[in-house]
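I am attaching a structure below and will ask some questions about it afterwards.
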Amino acid sequence: MKPFKFKQFEIQQSKDVFRVGTDGVLLGALASVEGASRVLEIGTGTGIVSLMLAQRNSRASFLGLDINGEAALLTKVNFENAPFCSRLKNIHQDFKAFHTTEKFDLIVSNPPYFEVSDSEKDKVARQTVELNFKQLIAGAARFLSADGLFSVVIPAEAGGIFISMAEENLLFLNRKVHILGIENSKVKRLILEFSRTGKCLEESDFIIEKSPRKYSDQYLELTKEFHVFGK
């Protein structure tokens, strides 16, 4: 499969691993990584989110986990080929069985969310089969540092239940980005950020395309340091 080329790194892809998509790119570009020194990604896929975050924060070190052996191998290749490879590590690991005494300043995930699928393709990566929201949130709460942030991208319709589950784990919504696929359309995704302390909620809208197959100025500006066409 053809690699996905960014300005500072390249993503090798595989037919057996969920490919680079807009959700991951947006999380990599929008998650609040600026103040982090230690970052955990749950479910790396190709490694795109951690790679983008590593480009944005030159001081942070990263640990990625994926239950899928093919994904873990692909992430390893993509991490090793990146110019900031010394700060990137990944493990073939089920997050439900992950144990560490370490705490993380930022935990990010583009989690599984489809309850059903018409095919076996991307089953682990895109169904709530191996890791559901409840398990993800509980694990994030366990490994998050006192001042850390937990950042996810999820379908808009799952926002309410996700926020409620987070509150049950004493994680409180600080930031909410409404992602619209095209101008004047309904919200399709949410980027949510949580912390251990309740703060004034920051909300914003983000439009991916201003017309079919034509990226918005907002998207081009956000990704200009990544996409080769982001000018």
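Take the conditions in contact with a Ser or Thr (Cβ under 9 Å, 6 or more places away or on another chain), surrounded by fewer than 24 Cβ atoms within 10 Å (Cβ to Cβ), free of Cβ contacts under 8 Å to residues at least 60 places away in the same chain and assigned to a strand (DSSP E or B) and apply them to L63. Does it pass?
Criteria met by L63.
Evaluate region 140-150: report whether one residue or more is more than 16 Å from the chain's Cα centre (by Cα) and either among the basic types (K, R) or open to solvent by 80 Å² or more (accessible area, probe 1.4 Å) (or both).
Yes - at least one qualifying residue is present in region 140-150.
Out of F133, F229, F194, I need the residue that is touching a helix residue (DSSP H, G or I) at 6+ places or on another chain (Cβ under 6 Å) and modelled with pLDDT under 95. Which one?
Just one listed residue meets the conditions, F133.
Against the condition within 23 Å of N132 (Cβ to Cβ) and either buried (at least 20 other Cβ atoms within 10 Å of the Cβ) or in contact (Cβ under 8 Å) with a residue 24 or more places away in the chain (or both), how does D105 come out, does it pass?
Spelling it out, it is not the case that D105 is within 23 Å of N132 (Cβ to Cβ) and either buried (at least 20 other Cβ atoms within 10 Å of the Cβ) or in contact (Cβ under 8 Å) with a residue 24 or more places away in the chain (or both).
Out of the residues in region 79-95 that are under 16 Å from the mean Cα position of the chain (by Cα) and more than 14 Å from L53 (Cα to Cα), which is most open to solvent (accessible area, probe 1.4 Å)?
Checked region 79-95; the qualifying residue most open to solvent (accessible area, probe 1.4 Å) is N90.
Separate question: Identify all residues within region 8-36 that are closer than 18 Å to V152 by Cα and either outside any helix (DSSP H, G or I) or in contact with a Pro (Cβ under 7 Å, 6 or more places away or on another chain) (or both); write none if there are none.
F18, R19, V20, G21, A31, S32, V33, E34, G35, A36
The values are calculated or read from the model by the stated rules, or taken from the named source; none is laboratory data. Everything numeric in this text was worked out from a predicted model, so none of it was measured. Here the Cβ is made from the backbone with ideal geometry for all residues, glycine too, and neighbour counts use every protein chain on show. For the accessible areas, the whole protein counts, side chains as well, though only heavy atoms, and no ligand, DNA or RNA atoms are used. Shrake-Rupley method; radii C 1.70, N 1.55, O 1.52, S 1.80 Å.
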